[in-house]
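Below you'll find the structure, written out as structure tokens, and then a few comments.
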Amino acid sequence: MMGHVQMASSSERGSEGMFECHFCGLSVPYSYVGQKPPNSRTVVLLEECYVLKDPFTADRDKFLVLGSPCSLCHKLACVGPECSLFYTKRFCLPCVRENLSAFPQEIRQDVEKRHALSKAASRKLDSRT
């Protein structure tokens, strides 16, 4: 069973730790939690995010957003399309599906498309075995 990491308190911002997506198990060290990543003076994120300094560049201003807690169930969700979506706030896909009627038509269509793509991908994998 995967552990659930709680959102860091304001005093812990900037402290490092491990981000673990509750849904896919992605486990990555993070370097900051919050809305204003260090060294990026002009960037303000729309949600409290777990971020990592971009390991693919020497530019100190670059960072990767790993994910954030679902605004409904508060489980950590990565930004991967199989795990969550952002619509004014971060929502995990199980909560989106559970509350689908509360979302606009465009979001419902997006969720249906994601579901169809994931079913097609799993059928393709099943046919290889």
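What the table shows:
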quantity	calculated
Test: VAL65 is modelled with pLDDT of 90 or more and surrounded by 14 or more Cβ atoms within 10 Å (Cβ to Cβ)	yes
Matching strands (runs of 3 or more DSSP E) fully within segment 31-124 where at least 1 residues are among the aromatic types (Phe, Trp, Tyr)	32-34, 49-53, 63-69, 84-87, 89-92
Output for segment 40-63, where each listed residue is within 11 Å of the chain's Cα centre (by Cα) and hydrophobic (A, V, I, L, M, F, W, C)	CYS49, VAL51
Pair list, Cβ < 6 Å and 6+ apart or interchain, from segment 48-77 residues that are within 30 Å of ASN99 (Cβ to Cβ) to residues that are among the small types (Gly, Ala, Ser) and assigned to a loop (DSSP other than H, G, I, E, B)	LEU52/SER31
Residue match in segment 70-78 (condition: touching a Gly at 6+ places or on another chain (Cβ under 8 Å), among the polar types (S, T, N, Q), within 27 Å of GLU16 (Cβ to Cβ) and modelled with pLDDT of 85 or more)	no
Selection count where residues are touching a helix residue (DSSP H, G or I) at 6+ places or on another chain (Cβ under 9 Å) and buried (at least 22 other Cβ atoms within 10 Å of the Cβ), scope segment 68-82	2
Answer residue from segment 31-49, given it is in contact with a Cys (Cβ under 9 Å, 6 or more places away or on another chain) and at pLDDT 90 or above and is surrounded by the most Cβ atoms within 10 Å (Cβ to Cβ) among those	VAL33
So LEU85, is it in contact (Cβ under 8 Å) with a residue 60 or more places away in the chain and under 13 Å from the mean Cα position of the chain (by Cα)	no
Flag if VAL111 is at pLDDT below 90 and of a type in the set (Val, Ile, Thr)	yes
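The values are calculated or read from the model by the stated rules, or taken from the named source; none is laboratory data. Keep in mind that this is a model prediction, so the values were computed, not measured. Every residue, glycine among them, receives a Cβ derived from its backbone with ideal geometry; neighbour counts consider all protein chains shown.
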